Amino acid sequence: MSLWFNAAWWLFVIGVCSLFALLALAVISAVAVRFYFDGLRVRQSSKIPGRLLVGFFHPHSTGGGGGERVLWTMLNALMHEWPQADFIVYTHWSKEKGTATHDSVEKLVLGKFGIALPRPVKIVQLQGVTWIEPSSYPRLTLLLQSLGAVPLAYEALKAQVPDVFVDSQGLALSYPLASFCCRCKVASYVHYPVVSSDMLAAVRERQAKFNNSGAVARSPLLTRGDAKILYYRAFAKIYGYAGRHCDVVMVNSSWTKGHIVEIWGLSPAMVHRVYPPCDVAKLVSLGNVEKELAIVSVAQFRPEKDHPLQLQAFKLVLDRLSLPNLRLHLVGGVRNEEDKERVRILRQMAIDLNIAGQVDFHVDMPYADLLSMLGRSAFGLHTMRDEHFGIVVVEYMAAGCVPVAHNSAGPKMDIVQDGCGFLAESAEEFADKIIKLLSMPPSDLAEMRQRGKQASQRFTEQVFSQGVCEAMASLSDRSTAPFQ
């Protein structure tokens, strides 16, 4: 007995000593990196005397999605607001897009978003973008992808240390490196929480969702056996620790704000809700054309968008109403072979439901054609559960498409209000709301469309720009930057 006790005691002592040694090594490493960046900053700042330097960390800045619109609209707003500042974008600039010159950047931003930047922006081209690609990590994807932000941010900051480090892609684990090691002021625009209480609840309840596979959801070993829940809880602690290194936190919706306040452990007053920008003016002008008997759904062909629910609801509508001219337009982009296979399955599902003759698939539709379809369609459909914001619902309203959106998160809490659309959850509820719209007098529909257009004014680029400038005003003074 005493022999066993002595062995256990020494194992305990060795374990504690090892833990303290690892902690000491981590602290020493962090301090060494900080001294390295202190020297680097001094050498670099001598080349840019007296100017506030603002760096945007957005490795996928050349895409055409809502996150990229946020980046370039934010950058445009701060360029006008802070004439004393210079700006950098840390990004992966693929060979297909040529050299990242001022002209090529200006052409990309103007072509994709209609934004004319008032002055040049410096591009720091990142080579290690595979660190944050989900395809690099078949297992523990969320954790390893998030950790991958650290070496990628190191590459960015080594190229140029800014006074203000702005993350607009959601790479939170880069914040301690920027804040502690590089002494930057850190600002973040959060599109969605990487870990949320909803996600933890889904794992506890063994629900099969897009971020919790069916095999994992059904496995007592990986869920009720606590392996998965412990993994997410540990990740949530790391995520919260990183988030608390921010000086300014902006979020895109009330739903996102609630989760960030909880997971990051922040006061609600510290988190600024800044709705993402939507090109409302262009869309409002589309709503003046004659409407067709058509429902449009705009969403990438990804599992979380729940296109099967749309087909099921449309089937119920056609079973209850004789409307041979009613059409459902599914508009979306595909990213890879998996998305293409998903479209094939959806096409077969439409055939199996005997509704294929009234369902049209539009894959990677050009933007001009999409605008035209939004203008012509009478109604808009959006079925993703817990969509963090749902900017396409705003686009529906601005274009005069009365929305029927999922009764959760962004659409429920921020967008579909004051009689400008409907909310639903099940296929039956979506069908009921669509049938209600189809049965409404034209004058009532016209009033709903008008209310939708008015409500969409809360989400203009101007409102977004004003919110960003107000949130970040405290970071505009270079006298608070290190070594000044």
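The values are calculated or read from the model by the stated rules, or taken from the named source; none is laboratory data. All values reported here derive from a predicted model rather than from experimental measurement. All Cβ positions, glycine included, derive from the backbone under ideal geometry; neighbour counts span all protein chains shown. Heavy atoms of the whole protein, side chains included, go into the accessibility calculation; ligands, DNA and RNA do not. Shrake-Rupley method; radii C 1.70, N 1.55, O 1.52, S 1.80 Å.
Residues in segment 304-334 that are open to solvent by less than 30 Å² (accessible area, probe 1.4 Å), small (Gly, Ala, Ser), at pLDDT below 95 and not in a strand (DSSP E or B): how many?
Within segment 304-334, residues that are open to solvent by less than 30 Å² (accessible area, probe 1.4 Å), small (Gly, Ala, Ser), at pLDDT below 95 and not in a strand (DSSP E or B) number 1.
Only residues that are crowded, with 16+ Cβ neighbours inside 10 Å and under 30 Å from LYS257 (Cβ atoms): list them for segment 428-456, please.
GLU429, PHE430, LYS433, MET448, ARG449, ARG451, GLY452, LYS453, ALA455, SER456
Return the pairs, sorted by first residue and then second, in which the second residue is open to solvent by 60 Å² or more (accessible area, probe 1.4 Å) and at pLDDT 95 or above, the first residue lies in segment 351-372 and is more than 16 Å from ALA398 (Cα to Cα), the beta carbons are less than 6 Å apart, and the residues are 6+ apart or on different chains.
GLN358/ARG327
Would you mind telling me which numbered condition in (1) open to solvent by 10 Å² or more (accessible area, probe 1.4 Å); (2) touching a strand residue (DSSP E or B) at 6+ places or on another chain (Cβ under 7 Å); (3) aliphatic (A, V, I, L, M); (4) in contact (Cβ under 8 Å) with a residue 60 or more places away in the chain MET413 fails?
(2)
Looking only at segment 143-169, which residues are touching a residue at least 60 places away in the same chain (Cβ under 8 Å) and farther than 18 Å from ILE123 by Cα?
LEU143, SER146
Has segment 286-299 got at least one residue that is in a helix (DSSP H, G or I), within 19 Å of the chain's Cα centre (by Cα) and crowded, with 18+ Cβ neighbours inside 10 Å? Before you say what the answer is, go through the steps one by one.
Filtering segment 286-299 down to residues in a helix (DSSP H, G or I) leaves 286-288.
Right, trim to within 19 Å of the chain's Cα centre (by Cα) and you get none.
Within segment 286-299, not a single residue is in a helix (DSSP H, G or I), within 19 Å of the chain's Cα centre (by Cα) and crowded, with 18+ Cβ neighbours inside 10 Å.
Does segment 251-303 hold any residues that are of a type in the set (Val, Ile, Thr), modelled with pLDDT under 95 and farther than 17 Å from TYR189 by Cα, and which are they?
VAL280, VAL284, VAL289, VAL298
Within segment 335-391, count every residue that is open to solvent by 60 Å² or more (accessible area, probe 1.4 Å), modelled with pLDDT under 90 and of a type in the set (A, V, I, L, M, F, W, C).
Number of matching residues: 1.
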